[in-house]
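Remarks on the structure that follows.
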Amino acid sequence: MSTEKTSIFANSLIWFGAGVSIAEILTGTLLAPLGFAKGLTAILIGHLIGGGLMYAAGLIGGETGKSAMETVKISFGSRGSLLFSSLNVLQLLGWTAVMIISGAAAAQAIWAWGTGFWSAAIGVLIALWIIVDISNLGKLNLVTMAALFLLTIVLSTVVFGGSGTAAGVSGAVAAGAAGEAAGASEAAAPALSFGGAIELAVAMPLSWLPLISDYTRTAAEPKRAAACSCLTYGLVSCWMYVIGMGAAVLTGESDIAKVMLQAGLGLSGIIIVLFSTVTTTFLDAYSAGISSESVSAGLNGKYVALAVCAVGTLIAVLAPGAQLEEFLYLISSVFAPMTAVLITDYYFLKADHSAEEYNWQNLLLWAVGFGVYRVFLKLDTPVGNTVPVMIITMLLCLVVKKVLVHAKA
């Protein structure tokens, strides 16, 4: 797959497209129970944490010229990294399916042509992006991002356009739901803590940790490209979260597609749904291809990416739905401790285990970190789960290294 040098602007366009996402908007709706002020604070804190981790991971790829899963060899060895490369391909396949399902459901809510039709349409567009290839997407991405930028401004105006727009949408949605709600007793929704909200905000940028180096590795100016990529993604992602949360708070509707439909955004809404899903999900399928090349040099990354797109589309057509929140937590529990070990080795210990087949010490530390993360999912901390787990894992790496150095001395 392409390794041509990319500009800061090209990298920023890629991550603008990653940030404009129906999945991010839907995740934002989950923060509505906190209220707008606390929800916004959680979004900003979560993205500062997630953005910092994205930058640290992306800079490793930029400085070494290695893909995300190739950088993992630095900590876990040439064969030890295969565990994460394989898991990454599987989780990216899952992400591809989840994103297509979300996009198809949103499109169906606007134009009822069948979720199977919309899933197939999204899958075809993603395949087109893969065939064009990242190195040739410049003009196509520029036109697409310009359209998405303008349309998301329209969507923001619909959600935050004052009492007239919001009240009108809210009233229409409420009227449509009145018949369904009549006579039904609504179960109380589980309370969302502030720490849980931060964790939801961290989860989206964290989901890009196993991918970002696939794009910064080709950057002509690694530090600036990594910084601009993370800043662009962070700002746009916050924007999407706020749109989702604002829709849920101001209109009382957590289904953003219904909000767009009631506001009269028929064709515009479809364009937002389709192309925001494509520009985000393309990165998942494309990186699955890149990760597959780390599993076996005999695999063709573009063909694997197309296969992942096809299988993800098939799952989206056949699957009844997806548990997005649980999926985000599962990704965090695997890749957060992996990244913590990698960051510690690269930035603090200046260690490189690429020449080894396995580094069992770091594999064990990752396993401990994975277990700690699963335990922390049952706890409620003021800053969520990811930060304390990564700090614990990094400290364990430093302590173990110090103990081993003293033992050898």
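Key figures for this structure:
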item	result
Top of Lys73, Lys378, Lys258 by mean-square fluctuation, Gaussian network on the chain, Cα under 10 Å	Lys378
Ratio Rg/Rh [Cα only; Rh per Kirkwood] for the chain	0.98
The chain: calculated mean residue ellipticity at 222 nm from DSSP helix runs of at least 4, using -39500 (n - 2.57)	-25500 deg cm²/dmol
Protein accessible area in the chain, 1.4 Å probe - carbon and sulfur %	68
Where the stretch 1-155 is the region considered: accessible area per residue in Å², 1.4 Å probe	35
Calculated from backbone phi, Karplus (6.51, -1.76, 1.60) coupling profile of the stretch 365-374 in Hz, x at Gly/Pro	4, 4, 4, 5, x, 4, x, 4, 4, 5
Charge dipole magnitude, Cβ of K and R +1, D and E -1 - the chain, Cα centre, debye nearest 20	720
Approximate spin-label separation Thr41-Leu90, in nm, with each point projected 7 Å along Cα-to-Cβ	4.0
Backbone HN-Hα couplings from phi across the stretch 258-267 [Karplus 6.51/-1.76/1.60, Hz, Gly and Pro as x]	5, 4, 5, 5, 5, 8, x, 8, x, 4
The chain: most fluctuating residue of Ser296, Ser75, Ser276 per GNM, C-alpha cutoff 10 Å	Ser296
Angle in degrees between helix 36-64 and the longest Cα principal axis of the chain, rounded to the nearest 10	40
Mean-position separation - Cα centroids, the stretch 354-369 and the stretch 1-34, in angstrom	31
Between helix 138-160 and the chain: long-axis angle, C-alpha atoms, 0 to 90°, nearest 10	50
All lysines inside 24 Å of Lys402 as judged from Cα atoms, apart from same-chain residues fewer than 8 positions distant	Lys73, Lys350
Built amide H within the under 5 Å cut-off of Thr6, gap 5+	Ala219, Ala220
Which of Met260, Leu82, Ile153, positive extreme of dipole for the chain (C-beta unit charges)	Leu82
HN-Hα J in Hz across the stretch 392-398 - Karplus 6.51, -1.76, 1.60, θ = phi - 60°, x for Gly and Pro	4, 4, 5, 5, 4, 4, 5
Most mobile listed residue (Pro382, Pro205, Pro222) in the chain, GNM with C-alpha springs under 10 Å	Pro382
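The values are calculated or read from the model by the stated rules, or taken from the named source; none is laboratory data. Here the structure is a predicted model, which means the values were calculated and not measured. Using ideal geometry, Cβ is built from the backbone for each residue, glycine included, and neighbour counts are taken over all protein chains shown. For the accessible areas, the whole protein counts, side chains as well, though only heavy atoms, and no ligand, DNA or RNA atoms are used. Shrake-Rupley method; radii C 1.70, N 1.55, O 1.52, S 1.80 Å.
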